[in-house]
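So the structure is just underneath, and the comments pick up after that.
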Amino acid sequence: MTGHARARAAAEYQLPATLRTRAPGDYPAPGSDIAGWTPARWTAPDGTPRSGEIVAPAGILAGQTVRIWTDVRGNLVTPPLGQAQIASRAISFAAMAPPLLALVLLGIGGLLHRALERRRLAAWEAAWATVEPQWTRRLRG
């Protein structure tokens, strides 16, 4: 766990929140991710009673509890990433790295080509400036 992850984990708490009303929607199938905003109340880690809207699974009844994540003051925070989310992000970054590297290298190659082309044209211009007066004298003479 990185220092940032440790600091975040130390400052976040998973607490029970009691629903004040039934969560919107029908009862979902077990394991369903269907959820809705529902009024609830909870107690912050510092003992302060708190209330607000939380995301609760559809159809959960008033008075039932759901687990929420808060900071030390009881403000809602996003839950920490799970192992599957971390793995998914790592795979996504690994899959995107080669195409992004290719784009960067193509860009650098294009800039290098442009710089070399300008240098070549400047050298050609300088050489032509030396030779051109001799050619024009021959044609007139």
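The values are calculated or read from the model by the stated rules, or taken from the named source; none is laboratory data. All values reported here derive from a predicted model rather than from experimental measurement. With ideal geometry, Cβ positions are generated from the backbone for all residues, glycine too; neighbour counts draw on all protein chains shown.
What are the residues in the range 48-70 that are under 13 Å from Trp37 (Cβ atoms) and exposed (fewer than 13 other Cβ atoms within 10 Å of the Cβ), if any?
Passing the criteria: only Glu53.
Only one of (1) among the hydrophobic types (A, V, I, L, M, F, W, C); (2) in contact with an Asp or Glu (Cβ under 6 Å, 6 or more places away or on another chain); (3) surrounded by fewer than 10 Cβ atoms within 10 Å (Cβ to Cβ) fails for Val77. Which number is that?
(3)
Exactly one condition in (1) among the acidic types (Asp, Glu); (2) within 28 Å of Arg41 (Cβ to Cβ); (3) more than 31 Å from the chain's Cα centre (by Cα) is not met by Glu117; state its number.
(2)
Looking at Pro49, Pro39, Pro98, Pro45, can you tell me which residue is of a type outside the set (Gly, Ala, Ser), closer than 30 Å to Leu15 by Cα and out of contact with any Gly (no Cβ under 8 Å at 6 or more places or on another chain)? If you could, list the steps in order and put the result at the bottom.
Working: Pro39 fails: out of contact with any Gly (no Cβ under 8 Å at 6 or more places or on another chain); Pro98 fails: closer than 30 Å to Leu15 by Cα; Pro45 fails: out of contact with any Gly (no Cβ under 8 Å at 6 or more places or on another chain).
Of Pro49, Pro39, Pro98, Pro45, the one residue that is of a type outside the set (Gly, Ala, Ser), closer than 30 Å to Leu15 by Cα and out of contact with any Gly (no Cβ under 8 Å at 6 or more places or on another chain) is Pro49.
Which ones in the range 62-85 are at pLDDT below 90 and hydrophobic (A, V, I, L, M, F, W, C)?
Val72, Leu81
I'd like the residue in the range 21-45 that is in a loop (DSSP other than H, G, I, E, B) and exposed (fewer than 14 other Cβ atoms within 10 Å of the Cβ) and, out of all such residues, is modelled with the lowest pLDDT. Can you show your working first?
Going residue by residue through the range 21-45, those that are in a loop (DSSP other than H, G, I, E, B) are 21-34, 44-45.
Next cut, exposed (fewer than 14 other Cβ atoms within 10 Å of the Cβ) only: 21, 26-27, 29-33.
Values: Thr21: 91, Asp26: 66, Tyr27: 63, Ala29: 52, Pro30: 57, Gly31: 57, Ser32: 58, Asp33: 60.
So the residue we want is Ala29.
Which of the residues spanning the range 64-93 are free of Cβ contacts under 8 Å to residues at least 60 places away in the same chain and part of a strand (DSSP E or B)?
Result: Thr65, Val66, Arg67, Ile68, Trp69, Thr70, Leu76.
Select from the range 46-63 the residues that are aliphatic (A, V, I, L, M) and either outside any loop (DSSP other than H, G, I, E, B) or closer than 12 Å to Pro16 by Cα (or both) and list them in ascending order.
First pass over the range 46-63, keeping only residues aliphatic (A, V, I, L, M): 54-56, 58, 60-62.
If the condition is that a residue be aliphatic (A, V, I, L, M) and either outside any loop (DSSP other than H, G, I, E, B) or closer than 12 Å to Pro16 by Cα (or both), then Ile54, Val55, Ala56 are the ones that fit.
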